[in-house]
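Worksheet for the structure shown next.
Rule-based calculations on the coordinates, nothing more; no lab input. The structure displayed is predicted, hence computed values, not measured ones. Because the Cβ atoms are built from the backbone with ideal geometry, glycine has one as well, and the counts that use them run over all protein chains shown.
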Amino acid sequence: MNVTIIHVGDFKEKYLKEAFLEYSKRISAFGKFEDVLIKEGNLPDSPQKNQIEKVLLEEGEKILEKLDPRSKKIALCVEGNGVTSEEFAGIFTASADGGFSKITFIIGSSHGLSDTVKKACDMKLSFSKMTFPHQLMRVILSEQIYRAFTIINGKKYHK
């Protein structure tokens with residue numbers, strides 16, 4: 001199974017980047033792993049709602065350009081469904097059984113994702129009702145992808 005993470009914005013903290021690179025390396029043992037950066041739109045410090053919506057649409061267009069129509073597309077968003085680690089691993093298995101050889105996860109900016117992107121996805125997923133910085137979410141997601149592969153392959157990592 002090939003995995004892609006499309007995300008808006010890049011790491012600012014070195015320790016988050018290092019953690020992500022470690023999980024990226026681990027994931028690549030199970031298949032191709034791709035990390036796709038979308039540049040975050042410019043907003044003032046206290047943006048108006050219409051300014052945020054405009055930037056989300058612009059970021060959304062760039063995300064949609066990067067989506068592979070043959071991929072299972074999963075948007076990470078607060079209104080998505082929550083799953084256990086075992087259920088998350090099941091998404092990979094079910095996707096493969098459904099004819100998908102690739103899964104693409106999409107992480108928006110600190111303002112989220114446009115409705116257009118969410119509607120283009122096959123699934124909406126939430127990791128928690130809490131809010132996490134999108135940079136940290138990339139690390140959490142990569143760890144859970146690695147954990148899913150260890151569950152699927154019967155490795156000892158998952159307890």
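In the range 39-64, the residue that is surrounded by the fewest Cβ atoms within 10 Å (Cβ to Cβ) out of those that are among the basic types (Lys, Arg) and within 25 Å of residue 105 (Cα to Cα) is 39.
Starting from residues that are part of a strand (DSSP E or B) and not aliphatic (A, V, I, L, M), keep the ones in the range 1-19 and report whichever is surrounded by the most Cβ atoms within 10 Å (Cβ to Cβ).
Looking at the filtered set, the residue picked out is 7.
Inspection of the range 93-114 identifies no residue that is within 30 Å of residue 43 (Cα to Cα), crowded, with 18+ Cβ neighbours inside 10 Å and of a type in the set (Lys, Arg).
Per-residue answers, yes or no, for (1) more than 24 Å from residue 32 (Cα to Cα); (2) in contact (Cβ under 8 Å) with a residue 40 or more places away in the chain:
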| position | (1), (2) |
| --- | --- |
| 79 | yes, yes |
| 87 | no, no |
| 96 | no, yes |
| 109 | yes, yes |
| 114 | yes, yes |
| 124 | no, yes |
| 128 | yes, yes |
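If we scan the range 20-31, do we find a residue that is aliphatic (A, V, I, L, M), surrounded by fewer than 16 Cβ atoms within 10 Å (Cβ to Cβ) and outside any loop (DSSP other than H, G, I, E, B)? Scanning the range 20-31 turns up at least one residue that is aliphatic (A, V, I, L, M), surrounded by fewer than 16 Cβ atoms within 10 Å (Cβ to Cβ) and outside any loop (DSSP other than H, G, I, E, B). Which one is surrounded by the most Cβ atoms within 10 Å (Cβ to Cβ) among residues in the range 139-159 that are aromatic (Phe, Trp, Tyr) and under 19 Å from residue 74 (Cβ atoms)? The qualifying residue surrounded by the most Cβ atoms within 10 Å (Cβ to Cβ) is 146.
Looking at the range 119-138 only, could you name the residues that are over 10 Å from the mean Cα position of the chain (by Cα) and surrounded by 20 or more Cβ atoms within 10 Å (Cβ to Cβ)? Passing the criteria: only 121. Determine, yes or no, whether residue 41 is outside any loop (DSSP other than H, G, I, E, B) and over 23 Å from residue 157 (Cβ atoms). No, not satisfied.
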